[in-house]
Structure formats: C-alpha cells, structure tokens
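Undergrad: Starting off with a structure, shown below.
Quick note: the coordinates plus some simple rules give every number you see, no bench work behind them. Nothing here was measured: the structure is a model prediction, and the numbers come from that model. Counting neighbours? That spans all protein chains shown, and the Cβs are built from the backbone with ideal geometry, glycine included.
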Amino acid sequence: MEQRVGGLDSAIQSLRGALGDLGTAITDDSQPAEGGDTLVHFHGLWQPGHARLAKRFTARGIPYIVSPHGMLEPWAWRHKWWKKWPYFHFIEKGHLARAAALLATAKPEAGRLQKFAPGQRIETLPLGLTGTARPDYEKARERLGWKPEERVLLYLSRIHVKKGLDLLLEALATTSLPPHTRLIIVGEGGRDYVHSLKRFAQRHASQLPFTRWVGPVWGDARWAYFQGADLFCLPTHSENFGLAVLEACQVGTPALTTTETPWAEQLSTGRGYICQPTIDSVRQSLAEFFRQPCWDAPKRVALSEWAHANYDWQNLAPRYLAFYESILRTRQ
C-alpha cells in the first residue's frame, strides 16, 4: 500500500527516531505516566482534541509545548479568518498561554508568535532532513526518462493557492525560454484549483515549456524528482519553514523560492534564487537561472554537504533534547 506521508510528518518521524537514538522514550499515549521527566509536544493548531488533552495534562502537572508550524503566519491567518478568529480567542489563545513554551522553526515565525502569545517563552529550532538521499543527478534522470539536454524545472508540493504555482506558470508564459526546457509538476490539490491551472497551461501551451502533470508522489519515490531537476521552484506566498526547499538542497538541487520563507538569507549567497511572490519577480529569477549554466556535480555536492551539516537530525536532536530538558528543569 502506498504510504502517503507529507514532509512535516516525515520530519516529525525523523525527529522521533533521532531522539530515540539518544535514549529518549517517546509514546503517542494520550495518558502518559506522571513524573518529573514527562513532557508533551503538540504539533499544529486548530485541533480541538489538542486543547482538551492539554487541559488534562495541565491538571496532572504535566508540561506541554506547542509547535504551531506556520498556522499563525499572516497568510495562513488571513485564509478563512472568519472561522479562525473566534476559535483562536475562545480556544487556542488559552491553549498557547498554558503551554510551557512555544517552538518556532525559524526566527521570522518566532517574532510573529509574540503577537499571539505576549510574554510567552518562544524558542526557535529548525526542522531537519526527511531522509538519507544524496545527489544522484544522472541516474535519477535516466530513471525518469529525462534527456541530458533538457533543463528541468520541478514543482513538488501540495497544489494550493498559497504555494504559488499560478505565479510560476504565469511567469514562465512570459519568459524567453531556452530550447528543451521542461516543467514537471508533482502534487495534488483541490479539484477546482488544479483544473484552473491546467486550463491556463492549455491556453498558453505555445508559450510554456513542455509541461507534465505527474500527480502525487510519496515516500522515497519523490527523491528522484528532486535529484534529477535542474531547478526546484516554490514561489510560495507563505512558509514558516519550507521543508521541500530543504529536500531540494539535501540532494544538491538549487531552489527558487520567495522572501516569504526563512530561506531568503541562506540561499541568496549563491545557493539558490530568491524572489518576491509576484509574477514579475519570479520571472526575473527565472531569467537569472536561465542565463547561467546548469550546476555541475561539485556544486551540487557542496550544496548537499551544507544541508547535511546544518540540518542532519544527528546534529539537531541534541538541541531538541536540551530544550525539552530545560522545560522539565523549570518545573521541578
């Protein structure tokens, strides 16, 4: 059976494994044993069950922390705000206030969380690698049937208006493209939105590169797409972290993404292409990419080594464990 596990779930599973390697006992039990070494970590918001459990843990003297994972970011907050606003004030606000700490995945998210939980302890720890894949450019392209002369652009993410695939398509339709450019779209989304994008692609087929809609790809099968692409594109309107960008870097593929991610500073130094989430800005970054030769093997290896050095769970898990232990110490 196909295992449909997204990037965040994969990262959380990888964190669990790395903490287990450090000797930390982890359980999904909603009735954990009481004691001075028990702590609960909630991932995400807008889950009524989380708030109910948190109240139960608080009554038993068990501390908990919350990772919002971008669910209070400005773009996400504006999306269906009329449902979120009353729920936040009646449920989530107290849930966050009672937490021992909030955990952001990047400094911009941490800064914005202060608005929703003033006075609360807020720490920052990044997510880590979601697998062990390394650069494998030529073999990946052979497996996928991509020709050596093709310049392959990859979009691999949920197809949602937040992710900016529409910006990519519109920018490509008005960009002077080199011969043999190819666009690969991997992912799924709401039927109406996906159909609107496909209709746009059909209407502008003469201006767009050859485009293939692959559909969703899960698990290890997705790595070949990252490995074989010449450029990973995620012109998103909002990401608190952007795991797909890290997955591209992990296998040495440069990424085009936006200032609305925490990657702007780290990738702007020759590791990728940073733009605003607008058609014009995406077009300019694409033109910059096309003016340059495709990355060679040494450059891909260097990007991969940088990603592993900074985001391998063997390096990150001890920092998470130290954070958990600091929470427990304050409760003793």
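Undergrad: Contact order normalised by length for the chain, with contacts defined as Cα pairs under 8 Å and 6 or more residues apart; what percent is it?
TA: Computed value for the chain: 20 percent relative contact order.
Undergrad: Can you give me the angle between helix 297-311 and the longest principal axis of the chain, using Cα atoms only, in degrees from 0 to 90, rounded to the nearest 10?
TA: The two axes meet at around 10 degrees.
Undergrad: If you filter segment 43-149 for trypsin sites (Lys or Arg not before Pro), then keep DSSP loop positions with at most 15 other Cβ within 10 Å, what is left?
TA: In loop regions of segment 43-149 (DSSP not H, G, I, E or B), the sparsely surrounded trypsin sites (Lys or Arg not before Pro) are R60, K80, R121.
Undergrad: Further, regarding this structure: For the chain, with only Lys/Arg (+1) and Asp/Glu (-1) charged at the beta-carbon, what is the dipole magnitude about the Cα centre, in debye rounded to 20?
TA: 980
Undergrad: Here is a follow-up. Determine ³J(HN,Hα), in whole Hz, for all residues of segment 273-282 in sequence, where each value follows from phi through the Karplus function 6.51 cos²θ - 1.76 cosθ + 1.60 and θ = phi - 60°; x replaces Gly and Pro.
TA: Each residue's phi maps through the Karplus curve to give 10, 10, 9, 7, x, 9, 4, 4, 5, 4 Hz.
Undergrad: So how much slack lies between Q114 and D220, counting 0.36 nm per residue of separation and subtracting their Cα-Cα distance, in nm?
TA: Net length gain for the segment: 34.5 nm.
Undergrad: Amide H to amide H, which residues 5 or more places from V40 or on other chains are under 5 Å from it, using H placed in the peptide plane?
TA: Distant-sequence amide H within range of V40: Y64, I65.
Undergrad: So, one more: What aspartates and glutamates does K84 reach when the alpha-carbon gap must be under 16 Å and sequence neighbours fewer than 8 apart in one chain are set aside?
TA: Filter leaves E73, E92.
Undergrad: I would also like to ask the following. What ranking do L234, L177 get, fewest neighbouring Cβ atoms within 10 angstrom at the top?
TA: Result, fewest neighbours first: L177, L234.
Undergrad: Continuing with this model, one more query. Please go through segment 94-186 and write out the GluC sites (Glu not before Pro) that DSSP classes as loop and that have at most 11 other C-beta atoms within 10 Å.
TA: Within segment 94-186, the qualifying GluC sites (Glu not before Pro) (loop, at most 11 other Cβ atoms within 10 Å) are E149.
Undergrad: So what's segment 271-332 giving for Cα Rg divided by 2.2 N^0.38 Å, two decimals?
TA: That ratio works out to 1.86.
Undergrad: Per residue of segment 247-254, what does 6.51 cos²θ - 1.76 cosθ + 1.60 with θ = phi - 60° give for ³J(HN,Hα)? Whole Hz please, x for Gly and Pro, Karplus curve as stated.
TA: 5, 5, 4, 4, 9, x, 9, x
Undergrad: Continuing with the same structure: What's the exposure ranking of T269, T259, T236, going from fewest to most Cβ atoms within 10 Å?
TA: Arranged by neighbour count, lowest to highest, T269, T259, T236 become T269, T259, T236.
Undergrad: Using only alpha carbon pairs under 8 Å that are at least six residues apart, calculate the relative contact order of segment 137-310 and give it in whole percent.
TA: Relative contact order for segment 137-310 comes out at 25 percent.
Undergrad: On to the next question. Identify which of Y193, Y137, Y155 has the largest mean-square fluctuation in a Gaussian network model of the chain, with springs joining Cα atoms closer than 10 Å.
TA: Answer for the Gaussian network model of the chain: Y193.
Undergrad: Report the FRET efficiency, 1/(1 + (r/R0)^6), for R329 and Y193, where r is their Cβ-Cβ distance and R0 is 45 Å, rounded to 0.05.
TA: Calculated value: 0.40.
Undergrad: Please give the calculated 222 nm ellipticity per residue for the chain, where each DSSP H segment of at least 4 residues contributes -39500 (n - 2.57) and the sum is spread over every residue; nearest 500 deg cm²/dmol?
TA: Calculated mean residue ellipticity at 222 nm is -13000 deg cm²/dmol.
Undergrad: Oh, and also: Magnitude of the Cβ-charge dipole of segment 137-310, K/R +1 and D/E -1, about the Cα centre, nearest 20 debye?
TA: Dipole about the Cα centre, nearest 20: 460 debye.
Undergrad: Among rounded, prolate and oblate, which fits segment 28-104 when a ≥ b ≥ c are the square roots of the eigenvalues of its C-alpha gyration tensor, a/c under 1.5 means rounded, and a/b larger than b/c means prolate?
TA: prolate
Undergrad: Rounded if a/c is under 1.5, else prolate if a/b is larger than b/c, else oblate: which is segment 119-171, with a ≥ b ≥ c the root eigenvalues of its Cα gyration tensor?
TA: In terms of gyration-tensor shape, oblate.
Undergrad: Sum up the lysine pairs in segment 137-310 that clear both bars: alpha-carbon distance under 29 Å and a spacing of 8 or more or different chains.
TA: Going through segment 137-310 pair by pair, I get 9.
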